[in-house]
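Novice: Dropping a structure here in structure tokens format, bear with me for questions.
The values are calculated or read from the model by the stated rules, or taken from the named source; none is laboratory data. Small disclaimer: the values here were computed from a predicted structure and weren't measured. Please note: Cβ atoms are built from the backbone with ideal geometry, for glycine as well, and neighbour counts cover all protein chains shown.
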């Protein structure tokens, strides 16, 4: 089974309300919404918009996505995480996404790594105490930028609240096989990010500084099944006896049309495999 969410970050430069997005999500066949924490904070003055409200539309917040600090004041990071846990409770969610720092694993020295591990372990315990999981995203220029660095980090932190948001394309960007990543990290993978690119050399378009800019380039961003990575093979590989939670992370133009079609294509691909089984 595939539990699919749209990302509110896809609409970061659009004048659209959450009720409008939720109505669209339900009509387009999504199961949930991955709520960008910046959006969740801005909705704090509308308490009637909450997890129960979404549940009435047969939707749920699959994950709140934010960026916890790994340098600077530990107290500041703890305060931010406490607020994030409160938002998760408001939205009846428990998965919190973050990046494992902002430095590539190959460039991180031992002292920096130990500091990151210690901070991440503390964050995990804080999240665990609030009934939440902390999902580190596989992403370039972080400590989780390869399969092995992600596994090493999980082993070093050694906390049950630490899970993985497997960004399939970014693992492929690291010249590794996402299907292998799935098999070796499956027990820890509690969410997936799906997006694609027309050519490998265009991958820098997904750099945060570019995608968060309204004037940033969108060149090379393509629908899921039209890109350089073979998503059909990855999706068909996923076992049918497990619920897979995934978000369509679209940063390009015309998000409603693109993600609605991608959602339906994923449904058709999974249904087709069921018929073959």
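Novice: Collect the residues in the range 124-166 that are touching a strand residue (DSSP E or B) at 6+ places or on another chain (Cβ under 6 Å), over 19 Å from residue 193 (Cα atoms) and touching a residue at least 40 places away in the same chain (Cβ under 8 Å), keeping them in residue-number order.
Specialist: 127, 132
Novice: Name the one entry in 148, 202, 143 that is closer than 28 Å to residue 93 by Cβ, modelled with pLDDT of 95 or more and either out of contact with any helix residue (DSSP H, G or I) (no Cβ under 8 Å at 6 or more places or on another chain) or crowded, with 21+ Cβ neighbours inside 10 Å (or both).
Specialist: 143
Novice: Another one. Quick one: in the range 61-75, of everything that is part of a loop (DSSP other than H, G, I, E, B) and within 12 Å of the chain's Cα centre (by Cα), which residue is surrounded by the most Cβ atoms within 10 Å (Cβ to Cβ)?
Specialist: It comes out as 66.
Novice: On the given criteria, is residue 177 over 24 Å from residue 100 (Cβ atoms), exposed (fewer than 15 other Cβ atoms within 10 Å of the Cβ) and out of contact with any strand residue (DSSP E or B) (no Cβ under 8 Å at 6 or more places or on another chain)?
Specialist: Numbers: over 24 Å from residue 100 (Cβ atoms): no; exposed (fewer than 15 other Cβ atoms within 10 Å of the Cβ): yes; out of contact with any strand residue (DSSP E or B) (no Cβ under 8 Å at 6 or more places or on another chain): yes.
So residue 177 fails the test.
Novice: Sticking with this one: Given (1) over 24 Å from residue 32 (Cα atoms); (2) crowded, with 16+ Cβ neighbours inside 10 Å; (3) modelled with pLDDT under 95, where does residue 207 come up short, assuming only one miss?
Specialist: Failed condition: (2).
Novice: Name every residue in the range 189-198 that is surrounded by 16 or more Cβ atoms within 10 Å (Cβ to Cβ), touching a helix residue (DSSP H, G or I) at 6+ places or on another chain (Cβ under 9 Å) and over 19 Å from residue 102 (Cβ atoms), in order of residue number. Can you show your working first?
Specialist: First pass over the range 189-198, keeping only residues surrounded by 16 or more Cβ atoms within 10 Å (Cβ to Cβ): 189-197.
Going one step further and asking which of them are touching a helix residue (DSSP H, G or I) at 6+ places or on another chain (Cβ under 9 Å), we end up with 189, 192-197.
Matches in the range 189-198: 189, 192, 194, 195, 196, 197.
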